[in-house]
Amino acid sequence: MKVVIFCGGLGTRLREHSETIPKPLVPIGERPILWHLMKYYAYYGHTDFVLCLGYKGHLIKDYFLNYQPAQSSDFILERGEIRILNSQSDVNDWRITFLDTGLHANIGQRFLRAREYLENEDMFLLNYGDQLSDLPLDEHIARFHKSTATGCFAAVKPSSQSFHAVTINDDDVVETIRPIAHSDVWVNGGYMVLRSKIFDYIKEGEELVDEPFDRLIAERALQGYRYDGFWKAMDTFKDKITLDRMHGAGDTPWAVWQSS
């Protein structure tokens, strides 16, 4: 299936990096977070990507046009020639469509501008370009394929420890307070699987998860795949540091291509 990835946001909460590069190019270890996400999909056999570009999209184009496979592979340099070891090549097997979707377009409008590249797809995958997970994609897709739903997304527990979920009774008395990651709250974690008729539910100017998803909910045509394994979004500089430290310690649950 084709994989549509949103790569156009300004990344204002990650200003330490996003003033010079787009958020999907912010590195985790040697490679951008976008590369890690694409490697995840490629591991499951999905190597046909549509990148919805916006802010500094030309830098994402440049990254792949000047891709250096040796940066994340073992290799031998002999007489000026590089030989990658153990068949560790990656992007050579990928097909990438680079689609400029506007500097200030919202997610829904970026999605609509990708429609013509999904014309012959009964089902496709969709995700944000700033989050990582070890979600079992084959199981996720298989479960959705058996349903009649139009769309499904991964419902995950919030990873932030900075906020606390609170329950308050009718007398304004606090009954519980706990880190939101340990609460019963689930959030939209992306990793969407959609059928092509999703385009019947979205109009020009709309955000994807607002009016269109509300229409699907009204028809009981939207599913949530509850997953309590690893999931982490890179929203802030603190999130980037957390992922860097995990990578440096060899704790990379999202790198499913390594665990095999």
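The values are calculated or read from the model by the stated rules, or taken from the named source; none is laboratory data. As the structure is a computational prediction, the values presented were derived from the model and not from experiment. Ideal geometry is used to build each Cβ from the backbone, glycine not excepted, and the neighbour counts take in all protein chains shown. Surface areas here come from the heavy atoms of the whole protein model, side chains and all, with no ligands, DNA or RNA. Shrake-Rupley method; radii C 1.70, N 1.55, O 1.52, S 1.80 Å.
Quick notes on this one:
- Residues in the stretch 181-189 include none that are closer than 13 Å to G151 by Cβ and more than 22 Å from the chain's Cα centre (by Cα).
- Qualifying residue in the stretch 107-120 (condition: within 24 Å of A255 (Cβ to Cβ) and either modelled with pLDDT under 95 or not hydrophobic (A, V, I, L, M, F, W, C) (or both)): no
- Qualifying residues in the stretch 8-35 (those that are in contact with a strand residue (DSSP E or B) (Cβ under 6 Å, 6 or more places away or on another chain) and at pLDDT 90 or above) - the one surrounded by the most Cβ atoms within 10 Å (Cβ to Cβ): P24
- Within the stretch 121-144, the set of residues being within 15 Å of I198 (Cβ to Cβ) and of a type outside the set (A, V, I, L, M, F, W, C) comprises E121, D122, N127.
- A count restricted to the stretch 63-101 and to residues that are modelled with pLDDT of 85 or more and either more than 22 Å from V3 (Cα to Cα) or not charged (D, E, K, R) (or both) stands at 10.
- Unmet criterion (only one of (1) touching a strand residue (DSSP E or B) at 6+ places or on another chain (Cβ under 8 Å); (2) surrounded by 11 or more Cβ atoms within 10 Å (Cβ to Cβ); (3) among the polar types (S, T, N, Q); (4) over 19 Å from L135 (Cα atoms)) for T236: (1)
- Residue selected from the stretch 115-162 under the condition among the β-branched types (V, I, T) and open to solvent by 10 Å² or more (accessible area, probe 1.4 Å), by the criterion farthest from the chain's Cα centre (by Cα): T148
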